[in-house]
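Okay, so here's the structure we're looking at.
Just so it is clear, none of the values below were taken in a lab; they were calculated from the coordinates. Just so you know, these numbers come straight off a predicted model, no measurement behind them. For neighbour counting, all protein chains shown are included, and Cβ atoms are generated from backbone atoms with ideal geometry for every residue, glycine included.
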Amino acid sequence: MSKIQLFVSKLPLKIQPIAQKCIEQLQRLQSQVEEKLRPCWEKYSPQIKQLDYAQIKAFVLKYKWRIIGILFVLYAGSKIVNYFFPAADKVGGPVTVTTVLVEPKDVPLVIEATGTIVSNNIVDIRPMITNTVSKILVKDGQEVKAGDLLFQLDDRNDKANYDKLKALADDAQSQYLRAKELVAKNFISKAGLETSFANAKSAIAAAKAAEVQLSFDYIRSPIDGRAGIVNVFPGSLVQASNVVSTSTSSTATSSVGAMVTITQLNPINVQFIIPEKDIPTVLENQLDGDALTVKVTVGDASKRVYAGKVLVIDNQVDPSIGAVRVKAQIPNDEMTLLPGQFARVFLEASTLKGALQVPSQAVILSPNGKTVYIVDQNDKAVAKPVKVLYEYQGQAVIDGISAGDRVVVEGKQNLRPGSKIKESKLVLQPVNPS
């Protein structure tokens, strides 16, 4: 066993393979140096023979480990430099990459937002008078039409009062007609006729007021929609105020809120906010005439997408959050959307005409800015600085390249300007975000 092998065997097991490789590299380096220095040796060997070899040998033996260490550091340093800063003319074989062919296309500019599903129309049914519930003609969750009777209150007193005043009005009207005949025959004065006319009008007005009062006992739906949970029962006392009774205990039933809430579910609205920086883009495209389109998803597990149109953009910006409210309307024929649900909204604010789009992973962040590698006609990599105009769902619209360029997507980490490339079989094509 040689001294070098003996030295390596004494090293820790983890370091032995590394040391062995270094020694092999040094031996190969030695042979290469010998081949290059042999002509010089033959030329200058006479002069070298005159040197004091004993002193040289003693010097080498004394500092042999330092010399080996210096050689090792020089070798490792050269490898590191060649790895991180290889010269273009010293790069090895072609680098395998995947590219995408850039073609101009129309790319929708999408603004993502979060919002809430809200009803297009919602009404809390409350009584106009204090009375007792006589009949409940609506059920929980029932679909109702405008004008449908929902509740009937105790109408006995109001109906009797109306009948009384209606009879008085009919009698006053008859007296007025009789007075007109008597005036024509000069049996009474015109003053008596005017008094009779005033009495008739007063009686009719009183009867109409009683009719209105009676109508308060019949509570009808003002809109089409779906009824919520009914909060009163037959016999419940309801009051003409913002408080309506329904809380059941062992001794009594009382309630707070509306008798029932009618909610219009089809169509339904979604309300969301967009940041202040996007307001000019949205307003400019809204002025074109066509309503902006939105796509809405509800719930984390739902895969269904609802399409709708923007109804209105609020006329002022909320300075506390730097955003403006937007309301859009969505068809809800299947009644799968309910007010109060959390929604994710995708607003198509504009369309970038003839945009050049590439996968976002093709863009490289460097100290000098953003760049991409394109492949020239000689199959060599060329770095081009670019500007990212818009980025969404893994796709980036960039400026700085031309239509028809082949942009490197995968394998760019191994490229340097001027590197020879080899196209892989898989060729990526950019896809418009949905």
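Descriptive notes on the structure:
- Given +1 at the Cβ of Lys and Arg, -1 at the Cβ of Asp and Glu and no other charges, the dipole of the stretch 178-233 around its Cα centre is 260 debye to the nearest 20.
- Taking amide hydrogens as placed 1.01 Å from N in the peptide plane, the amide H of residue 220 sits under 5 Å from those of 150, each at least 5 positions away in sequence or on another chain.
- The stretch between residue 291 and residue 137 holds 51.3 nm of extra length on full extension. This uses 0.36 nm per residue minus the Cα-Cα distance.
- Greater than 22 Å apart at Cα, pairs in 164/208; 166/190; 105/422; 387/412; 145/327: 166/190; 105/422; 145/327
- Top positive-direction residue, dipole computed over the stretch 289-434 with Cβ charges, set 335, 298, 390: 390
- Vicinal HN-Hα couplings computed from phi for the stretch 263-280 (Karplus, 6.51 cos²θ - 1.76 cosθ + 1.60; Hz; Gly/Pro x): 10, 7, 9, 9, x, 10, 10, 10, 10, 8, 10, 10, x, 4, 5, 8, 4, x
- Once both labels are positioned 7 Å from their Cα atoms along Cα-to-Cβ, the gap between residue 68 and residue 311 label points is 8.5 nm.
- Within the stretch 98-148, all pairs of alpha-carbon atoms sorted by distance into 5 Å bins from zero give the percentages 4, 8, 12, 14, 11, 7, 6, 6, 6, 5, 5, 5, 4, 3, 3, 1.
- Built amide H within the under 5 Å cut-off of residue 312, gap 5+: 327
- Compactness of the stretch 105-214, expressed as Rg and Dmax over alpha-carbon positions, Å: 27.0, 96
- Cross-link partners of residue 185 among lysines (Cα-Cα below 27 Å; sequence separation of 8 or more within a chain): 201
- Label positions at residue 118 and residue 368, each projected 7 Å from the Cα along the C-beta direction, are separated by 5.2 nm.
- Phi angles of the stretch 293-298 translate, via the Karplus equation with coefficients 6.51, -1.76, 1.60 and θ = phi - 60°, into HN-Hα couplings of 9, 10, 10, 10, 10, 10 Hz per residue; Gly and Pro are given as x.
- Volume in Å³ per residue [convex hull over Cα atoms, computed for the stretch 281-397]: 201
- In the stretch 127-196, trypsin sites (Lys or Arg not before Pro) in a DSSP loop with at most 12 other beta-carbon atoms within 10 Å: 139, 145, 185
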